[in-house]
Amino acid sequence: MDTKFQSKNAAFISSDLNVKVAWLYHVEGMTQEAIASLLDVGRSTVVRSLAASSADHLVITTVNAKSAYQVELERKLEERWGLESAIVVPAPHDPKHLERSIGHAVATYVNQHVNDGMTVAVGGGATLHSSLDFMHRRMLQDTVVVSLVGSLPFSKWINPSIVASKMAERLGVESYQISAPVVLDDADLRDRLWAQPMLAEVRRRARKADLAILTVGEVAPTATIFKHGIVPTKLIEPLQKLGAVANILCCFVNAEGHLVDHPINRCIMSLLPEEVASVGRIILAAGGTQKVAGIRAALRAVKARILITDSETAEKLLEM
């Protein structure tokens, strides 16, 4: 229900207090006291309104400043790994904010580079889900978002396919989903599902995408895929013994970026890293020094052209 209000200026009427307050504060640069006076409301109302605007993503803040040291790391990463571009964000003081820091950089890239007529393929995970909070709401034309990963039977953020659907909402476009469980119990079933015309079409669109955005997880209990039970933790040790150092789109790869020979890799409903490698431009977004081996493997597996990471991880990538 719309909230209408009358200010001291009778001609100053808005159907949405939060939008009006956000505009006056962030665009016109008015103080909270001045806004309260203009709209004939208490300052506490203005404070609550600004907080609500942030929570509802009416206002998205971006930070564009970059230090010389970040630029130096970016240039070294580009040279070392043959990247088109490296984007290095400051390592946060609290490691629990790392995914949001990298997600902010992912959103900035999408805001600047995803335009009309593009097909964007996207994976899942905490980092990419965090990027949604900073993504501009737009109404693009002839653009589609395609999920690279199957789904889980609930809508929490850990559902690998949720990033694609929510990104499509942000961009005002359609999304294509792999409407099958991300982990199956039968490799033959996976092959039969991929043979279904509707899923084959999703796969075809993903392979022909203009841009793919994915992240990488380690093979450890701290990884989202294990921490939230998408894949049983009892598989960690067997996978490590086979040389697995990373999971990409829920597929497990060794240090050279090749799939390890474990049955779980034949039961994952996602595009394979080697398939994604055919996409014209691939963004790999990942950080945390515990993921250094995994990032190296992922750079080899999918031939990523753009790396988004943090400064501490960048330093470790350059040390090795």
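The values are calculated or read from the model by the stated rules, or taken from the named source; none is laboratory data. As the structure is a computational prediction, the values presented were derived from the model and not from experiment. Cβ coordinates were reconstructed from backbone atoms using ideal geometry, including for glycine residues, and neighbour counts include every protein chain displayed.
Only one residue in 238, 263 is under 21 Å from residue 181 (Cβ atoms), surrounded by fewer than 17 Cβ atoms within 10 Å (Cβ to Cβ) and not aliphatic (A, V, I, L, M). Which one?
Going through 238, 263 in turn, the sole match is 263.
Grab the strands (runs of 3 or more DSSP E) fully contained in the range 134-253, keeping just those with 2 or more residues being over 18 Å from the mean Cα position of the chain (by Cα), at pLDDT 95 or above and of a type outside the set (Ser, Thr, Tyr).
251-253
Test each condition in (1) closer than 21 Å to residue 84 by Cβ; (2) at pLDDT 95 or above; (3) touching a strand residue (DSSP E or B) at 6+ places or on another chain (Cβ under 9 Å) for residue 275 and report the one that comes out false.
(3)
Conditions first: (1) within 20 Å of the chain's Cα centre (by Cα); (2) among the charged types (D, E, K, R); (3) under 23 Å from residue 319 (Cβ atoms); (4) surrounded by fewer than 17 Cβ atoms within 10 Å (Cβ to Cβ). Residue 296 passes all but one, so which condition is the exception?
(4)
From the list 189, 239, pick out the single residue that is over 17 Å from residue 269 (Cβ atoms) and aliphatic (A, V, I, L, M).
Only one candidate qualifies: 239.
Checking the conditions here, which among 85, 130 is in contact with a Lys or Arg (Cβ under 8 Å, 6 or more places away or on another chain), in contact (Cβ under 8 Å) with a residue 24 or more places away in the chain and under 13 Å from residue 167 (Cβ atoms)?
Checking each option against the conditions leaves just 130.
Conditions tested, residue by residue: (1) among the polar types (S, T, N, Q); (2) modelled with pLDDT of 95 or more; (3) surrounded by 18 or more Cβ atoms within 10 Å (Cβ to Cβ).
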| position | (1), (2), (3) |
| --- | --- |
| 61 | yes, no, no |
| 90 | no, no, no |
| 95 | no, no, no |
| 119 | yes, yes, yes |
